[in-house]
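Chemist: Please see the structure below; I have some questions.
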Amino acid sequence: MQAAADQGVEAIRILGVKLINPGDFFELLLRFLFNLIVTVVIIRFLYYPHSRRKDYFFIYMIFSVVVFLVCYSLASVSLQLGFALGLFAIFGILRYRTDTIPIKEMTYLFLMVGISVINSLTDKSVSYAELLFTNLVIIAVTWYLEKIWMQKKEDFMDIRYEKIELILPERRADLIQDIKKRTGLNVYRVSIDRINFMRDTAKIRIFYRQDSNVGPISKEAPKQTPPVDS
């Protein structure tokens with residue numbers, strides 16, 4: 001009776017298109033929910049607690065949903081690999097045609113695209129166990145990098161330093177201590193890039209660790225307003 005009912009539902013067509021295919025619809029629903037759960041875990045529980053960027057949270061969720069549905073809808077067309085690579089190419093172009101996106105946020109964007117493509121385009125030759133393992137590996141690697149490896153944020157900055165007597169190798173500890181005191185940064189290493197003996201200055205690249213609760217320090221010089229001729 002149930003089989004006959006399913007056949008009756010499948011027989012209903014609107015303008016030559018089936019009203020519903022129960023088997024395919026159930027697979028779409030299952031894959032969509034699975035992809036949505038993976039996306040929420042990565043974005044809500046790994047990315048968002050550190051960035052607090054609701055705008056990127058919105059972008060990632062929309063991208064994930066749209067890419068998944070587009071890829072799944074076109075899965076019957078033999079464009080799977082080429083289509084996936086084309087998506088990455090399009091987003092690469094968008095990267096250079098829009099406002100600058102931080103490299104970390106761009107990486108998460110590619111991560112969302114990649115996960116959605118994997119979860120939508122894998123055919124029946126890939127078991128659900130393999131698909132689950134693939135997503136768990138991505139989540140585990142992202143968790144390790146975000147929660148453990150990136151906890152001690154490291155950055156660098158180029159400065160002009162006038163106490164040229166401290167650039168001697170044997171006074172490196174004094175140099176680092178002086179820069180720490182004057183900048184308030186947790187400097188742990190320095191590199192002497194250039195020395196100007198005419199002006200008794202040196203260009204030094206300092207490497208420092210940031211507190212995980214403190215945002216990155218801008219390395220750009222403040223913009224100056226050009227003088228106005230009277």
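Chemist: Can you find even one residue in the stretch 135-158 that is more than 30 Å from residue 51 (Cα to Cα) and not assigned by TED's automatic domain parsing to the domain that holds residue 31?
Modeler: no
Chemist: Would you check which residues across the stretch 1-51 are more than 27 Å from residue 126 (Cβ to Cβ) and at pLDDT 75 or above and list them? First the steps, then the outcome.
Modeler: Within the stretch 1-51, the first condition is being more than 27 Å from residue 126 (Cβ to Cβ), and the residues that meet it are 1-5, 7-9, 11-17, 19, 48-51.
Result: 48, 49, 50, 51.
Chemist: Test each condition in (1) modelled with pLDDT of 90 or more; (2) within 12 Å of residue 206 (Cα to Cα) for residue 155 and report the one that comes out false.
Modeler: Failed condition: (1).
Chemist: Looking at this structure, is residue 139 modelled with pLDDT of 90 or more, surrounded by 11 or more Cβ atoms within 10 Å (Cβ to Cβ) and over 15 Å from the mean Cα position of the chain (by Cα)?
Modeler: In short, no.
Chemist: I'd like the residue in the stretch 85-129 that is acidic (Asp, Glu) and at pLDDT below 85 and, out of all such residues, is nearest to residue 39 (Cα to Cα).
Modeler: That would be 123.
The values are calculated or read from the model by the stated rules, or taken from the named source; none is laboratory data. As the structure is a computational prediction, the values presented were derived from the model and not from experiment. No Cβ is skipped: glycine too gets one built from the backbone with ideal geometry, and neighbour counts run over all protein chains shown.
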